[in-house]
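Some notes on the structure that comes next.
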Amino acid sequence: MKYIRPFPASVPWRVTSDYSDHANRKPPSVEPGTDYGLNHGTPIIAIAPGTVTGVKSNSSGAMGRFVTLYHGNGHYSRVLHLSQTRVYVGQRVNQGDVVGLSGGSAWGREDGVGAHVHLSFWAGFHTREPV
């Protein structure tokens with residue numbers, strides 16, 4: 001399966017914290033992944049077809065608003081720190097469908113890290129660098 005970045009190809013972006021930054025922190029991040037700096041409100045899209053298995057629509061906690069997708073074969077992705085979620089649990093999505101909007105909810109708040117999306121990816125029970 002070919003995965004894409006969690007935002008449209010035409011959107012300006014930058015990596016603000018990569019997978020190794022999260023994995024090698026002391027203590028390591030509980031959810032290693034890659035942070036992409038984006039303008040607030042950028043559409044966040046499904047990196048591959050899948051089923052929505054988790055949605056959190058309030059900004060409390062470290063992860064803030066997020067969407068979790070199951071892509072099959074033990075592969076999951078999650079996008080964190082959204083300003084809005086646009087899907088519901090059980091919904092099937094196609095690659096490129098909008099699942100939310102970028103923001104800075106929770107620890108990614110606009111007065112801290114700034115508007116971005118954090119992408120985590122699992123193959124089986126292990127996180128992987130989503131590149």
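The values are calculated or read from the model by the stated rules, or taken from the named source; none is laboratory data. Small disclaimer: the values here were computed from a predicted structure and weren't measured. All accessible areas refer to the heavy atoms of the entire protein, side chains included, with ligands and DNA or RNA removed. Shrake-Rupley method; radii C 1.70, N 1.55, O 1.52, S 1.80 Å.
Heavy atoms only, probe 1.4 angstrom, no DNA, RNA or ligands counted: give me K56, K2 ranked by accessible area, highest first. Walk me through the numbers before you get to the answer.
Values: K56 45, K2 160 Å².
Descending accessible area places them as K2, K56.
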When every protein chain stays in place and a 1.4 Å probe is rolled, D97, D35 sorted by accessible area with the largest first are D97, D35
When the solvent-accessible surface of protein heavy atoms is calculated with a 1.4 angstrom probe, in what order do S60, S10 fall, highest first? S10, S60
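Write down the Å³ per residue value for the convex hull defined by the alpha carbon atoms of segment 31-104.
Values: hull volume 6.2 nm³, N = 74.
It is 84 Å³ per residue.
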